[in-house]
Structures are given as C-alpha cells and as structure tokens.
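To start, the structure itself, in structure tokens.
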Amino acid sequence: MKFVNKILGLAALLTVANFIGVSTSYAADPWAWRATLEGTSSGQAMSMPTALYVDVERQRYYVIDSGGNRLLSFSREGGFLHTFTAEGKLQIPYDMVRDEKDLLWVIEKGRNSLTSVDVKSKEITLHTLKEGDRTLVPDRMDYKNGQFYILDKASGEIAVIDGNLSVNKWISCPECVSGIVDFKLTNDGRLWALDQLGKKVVQFDSGGALTKSFAVGLQVEFPVSLAIGPADNAYVLDRHKGNIAVFDAQGEFKYAFLGKGWSRGELYYPIEILFDPWGGLCVVEEGSGRVEIFGR
C-alpha cells in the first residue's frame, strides 16, 4: 500500500508540473564529449575566448581569444596549429570570418572596428562602420555570398553590409524586448536570432521578414547564443545554468543537457554555441578558457 501511495503521489506531482508548464522530460543525453580546444599547447592558456570560426575549406577551427588579443587555429581533429597576434596589433578581438579573398575580418571591441587582416603580409586595416551619422557597434558577425551580417550591439539590429562596407539593409525584431543578442544563418538563406531579455527565438526569411517566434523562458534563465541543428531543432545556450536546452521547430521543449562546472562535459560561463560541418556541436567557454566539441 505504501508503494502504491508513492506511485500515486509521483503521478500527482507530474500532473501538476505539466499543468504549470514545468518540463518533465528526462531524455538521455544524446551528446558525448569529442574534443577540447585549449591554448596551453601554444604556451599560454586562453584568456576569455569569445567566439569560434570554422574554416570549412581548410578544415580548421579558429578560436578568438579576446583576453589574449590573439587568434588560435586548430586542426579538424582538435590539434593546436598556430597563434596569430598581428604582431601585437589586435585590440580585444571578439569575432571573425574569412572571405573569398583570403582576408580575415575581425571585430575588435578595443577599437570598435571591423578590421581586415592580411595574414601573409600581417597588414591590418581598421574600418569604422557607419550609415550616415550613425556609428555601428559591431558585435557578432557572419559572412555569406559576399555580404557581411553584422549585429549592431547599440541597436540590437543586424546590418547586411556589402563588400564596400556599405549598409544594404537592416534586419530588426520589433517584438523583441532587448533586440537581438545572437544569430545564425542557415544554408537556405533563413536567419535565426535570439532575444535575450525576452527569452525568445525568432526566425527571418531570406528577405529579412519575421516568420516565426517562440518563447524559451520556462527552460532557460539567461540565453546568450543559439545554434540550429537538423530538422530545425534550436539549441539555446544558457550562460547561468551552464547547459543547453533543445527545442523542436515548433518551439516545443525536447530536453536539456550538460551542466555548470569546470570538468569535461561541463560548462563554465559559456558564451557561444555553433555546429561545425562535421556533426560537432561546439561550445565556447569564456569562463574556463576553452572550446568543447560534442558529437553523437
């Protein structure tokens, strides 16, 4: 009888949890640790890495080590390759891409610049992004089909910028509480973005029109980054919880995995999440100075 009462009590608790919107999903973690990118092989541990760029053509990872004012490259297998500092000229790099001319484009927070870097000549050129009297504060970035997608931290909008560094259009989210804090482009031209204070994921079509949004706040405390996986599953990185919450294309919560900590498979103040082309889920950990890569 006591056993039956315990079962009935558990059933009642689950019913109440479902009623008030608390998740009862206990799905097994489908992701396993695959590799860790660390700066110790370079002779200096990473100090506040902020972003990861995946070079598909060269099959390399580039870690932007903001606190160390440098870029670190790693092989596809995770082996350390090189350190690049532009002879000490970088000032708080934050994010980067590489274009078809083999130039690196680095957002430098220290100079509020989208800086072009010729790695061979070590020549760097500063660019202050403007539209009329408006000066952009570049934050996150991506590059596709000859255009830069730059998140303007001042407005929470995304500027689409051509090769001449002129703003062609803006992508904005009027329903977002705090504007956009992170975004990802998909191969079909859609753009997914994250509203941090509103705790919401939004989607735009290839023309920049808002087409979908769903709330993630019941599962996430402080979202800082998102990634879009197979079947349009949205992976939302929680900086405070140190975990990743997964939602399907309709915004239904599926499961959460990982947890806060310093050990392998734990996250300490993570700042960015993205998928690489080889099935890896990559998480940049600002707090522990590393990038962890997980696979199925």
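Tabulated data for the structure shown
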{"read-out": "Checklist (1) assigned to a strand (DSSP E or B); (2) modelled with pLDDT under 95 applied to residue 72, failing item", "value": "(2)"}
{"read-out": "For residue 165: the one exception among (1) of a type in the set (A, V, I, L, M, F, W, C); (2) modelled with pLDDT of 95 or more; (3) not in a loop (DSSP other than H, G, I, E, B)", "value": "(3)"}
{"read-out": "Residue satisfying all of: in segment 228-265; surrounded by fewer than 16 Cβ atoms within 10 Å (Cβ to Cβ) and among the acidic types (Asp, Glu); nearest to residue 197 (Cα to Cα) among these", "value": "252"}
{"read-out": "Matching residues in segment 102-153 - criterion: being over 19 Å from residue 55 (Cβ atoms), at pLDDT 95 or above and either touching a helix residue (DSSP H, G or I) at 6+ places or on another chain (Cβ under 6 Å) or in a strand (DSSP E or B) (or both)", "value": "108, 113, 125, 130, 131, 134, 135, 138, 139, 150, 151, 152"}
{"read-out": "Subset of segment 33-77 [among the aliphatic types (A, V, I, L, M), within 20 Å of the chain's Cα centre (by Cα) and surrounded by fewer than 20 Cβ atoms within 10 Å (Cβ to Cβ)]", "value": "35, 48, 54, 56"}
{"read-out": "Checklist (1) among the aromatic types (Phe, Trp, Tyr); (2) surrounded by fewer than 17 Cβ atoms within 10 Å (Cβ to Cβ); (3) closer than 24 Å to residue 250 by Cβ applied to residue 170, failing item", "value": "(3)"}
{"read-out": "Count - residues of segment 137-151 that are free of Cβ contacts under 8 Å to residues at least 24 places away in the same chain and touching a strand residue (DSSP E or B) at 6+ places or on another chain (Cβ under 6 Å)", "value": "1"}
{"read-out": "Residues of segment 205-227 that turn out to be in contact (Cβ under 8 Å) with a residue 60 or more places away in the chain and surrounded by 22 or more Cβ atoms within 10 Å (Cβ to Cβ), as a count", "value": "1"}
{"read-out": "Counted residues, segment 51-66 - those being in contact with a strand residue (DSSP E or B) (Cβ under 8 Å, 6 or more places away or on another chain), not in a strand (DSSP E or B) and not hydroxyl-bearing (Ser, Thr, Tyr)", "value": "1"}
{"read-out": "Answer residue from segment 184-217, given it is part of a strand (DSSP E or B) and among the charged types (D, E, K, R) and is farthest from residue 236 (Cα to Cα) among those", "value": "212"}
{"read-out": "Residue count, segment 248-283 (criterion: part of a strand (DSSP E or B), more than 16 Å from the chain's Cα centre (by Cα) and within 24 Å of residue 213 (Cα to Cα))", "value": "5"}
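The values are calculated or read from the model by the stated rules, or taken from the named source; none is laboratory data. These numbers come from a predicted model, not from an experiment. Cβ atoms come from the backbone with ideal geometry, glycine included; neighbour counts cover every protein chain shown.
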